[in-house]
Structures are given as C-alpha cells and as structure tokens.
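Scroll down for the structure; my scribbles are underneath it.
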Amino acid sequence: MHDAPRYEAFEASASFADNRASRVAPTGTVPRGWLREDEALYTGKVAGQLIDQFPLAIAREELARGQQRFNIYCTPCHGTLGDGNGITKSYGMVATPTYHDDRLRGMAEGEIYNTITHGKNTMFAYADKLSPDERWAVVAYVRALQRAAHATIDDVPLEQRGGLK
C-alpha cells in the first residue's frame, strides 16, 4: 500500500474519456466539516425569516468569549460600551451606530448575526474572522451591553441589592 500507484495532479489518464486524472468534485459535494444542517445556527434564519432567539445555549463562557471577540473586532468602531464612540470616530468616521438606539435594541438576534456575518453599509463582513459560535457569542455580548446600559434597580435580584451603592 505504501507504494501504491497513483496519479499526480493534472497527469494524463487513459481511464477517462477526457484523458485527465484530476476530476471535478461531484455536484453537491460538501467539504468535510462544512455541512451546515442547522439553518438557524449558520444563517440566523429559519425558512428565510430572521430568528429572535439564540440557536445555542449561552453560558458565562460564551459571554466571556463574545466580550473578548467584541473587544478585538468591534470596539475600534463601536467603542467598548457599544455606544458608537470607537477610535475610528476620531479619524472622521461618524456614521457608526450605537447599540443602545431603540432600533438596534429591538432588532432580532438573527439580524445582528447576519450583519456580523455579511456586513452592512460601511461595516465589513466578519464571517472569515469569526466562527458561527463566536458570532453568536458576540451577539450575546451586544445584548448584555444593551441590557446593562438600560438597567434599573428592578433588574437586580433582591438578595444582591444590598451590595449596590
């Protein structure tokens, strides 16, 4: 087996009518590890409609990963608080939205995921930089920033209110 005969790339072959050893992959072939059966997880949509919930469980670890990824990729434009006051604003980019705007707070999770995946207006796509799970973690962190910016004392459990000043 170690010395089994094989064709080199683009070598001629009498086995096929076109005399090529290199073959095109059959239609519908999916590369290993790229089967995207869970539509909600990979697109933020179900039957073409944006979803308004997370397609995977979000725990503390995912939220921490979302914060880490947000700090790397999102803060230059959106700022650490998600208020649109990133470093790019000082260089003349004034159109960066705040996540605390009612329009964005009411946006479906799937739409935020879709924007991170494909980009929008002057925002680049981040699908090549963030895995689907990381994109969902960033969406969760954005939701945490939004909730923190609009929190009230009623959002704090009774047993934890004593530690607030």
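The values are calculated or read from the model by the stated rules, or taken from the named source; none is laboratory data. Note that the structure is a prediction, hence the values are computed from the model and not measured. Please note: Cβ atoms are built from the backbone with ideal geometry, for glycine as well, and neighbour counts cover all protein chains shown.
Could you give every pair whose Cβ atoms fall below 9 Å, whose first residue belongs to region 14-35 and is part of a loop (DSSP other than H, G, I, E, B), and whose second residue is modelled with pLDDT of 85 or more and hydrophobic (A, V, I, L, M, F, W, C), counting only separations of at least 6 or pairs across chains?
Filtered contacts from region 14-35: 15/21; 19/12; 21/10; 21/12; 22/10; 23/16; 31/25.
In region 36-49, what residues are of a type in the set (A, V, I, L, M, F, W, C) and either surrounded by 10 or more Cβ atoms within 10 Å (Cβ to Cβ) or not in a loop (DSSP other than H, G, I, E, B) (or both)?
Hits for region 36-49 are 40, 41, 46.
Testing residue 126 on (1) in contact with a helix residue (DSSP H, G or I) (Cβ under 6 Å, 6 or more places away or on another chain); (2) of a type in the set (Phe, Trp, Tyr); (3) not in a loop (DSSP other than H, G, I, E, B), one condition comes back false. Which one is that?
Result: residue 126 fails condition (3) only.
Does residue 116 count as without any contact (Cβ under 8 Å) to a residue 24 or more places away in the chain, surrounded by 20 or more Cβ atoms within 10 Å (Cβ to Cβ) and either β-branched (Val, Ile, Thr) or within 18 Å of residue 77 (Cα to Cα) (or both)?
yes
State all residues of region 53-91 that are touching a helix residue (DSSP H, G or I) at 6+ places or on another chain (Cβ under 6 Å) and of a type in the set (D, E, K, R); if no residue qualifies, say none.
Those that are touching a helix residue (DSSP H, G or I) at 6+ places or on another chain (Cβ under 6 Å) and of a type in the set (D, E, K, R): 62, 65, 69.
Out of 104, 56, I need the residue that is part of a helix (DSSP H, G or I), under 17 Å from the mean Cα position of the chain (by Cα) and aliphatic (A, V, I, L, M). Which one?
104
Has region 1-12 got at least one residue that is outside any loop (DSSP other than H, G, I, E, B) and either buried (at least 16 other Cβ atoms within 10 Å of the Cβ) or touching a residue at least 60 places away in the same chain (Cβ under 8 Å) (or both)? Before you say what the answer is, go through the steps one by one.
Here is the first cut: in region 1-12, the residues outside any loop (DSSP other than H, G, I, E, B) are 12.
Applying the additional criterion that residues be either buried (at least 16 other Cβ atoms within 10 Å of the Cβ) or touching a residue at least 60 places away in the same chain (Cβ under 8 Å) (or both) yields none.
No, region 1-12 has no match at all.
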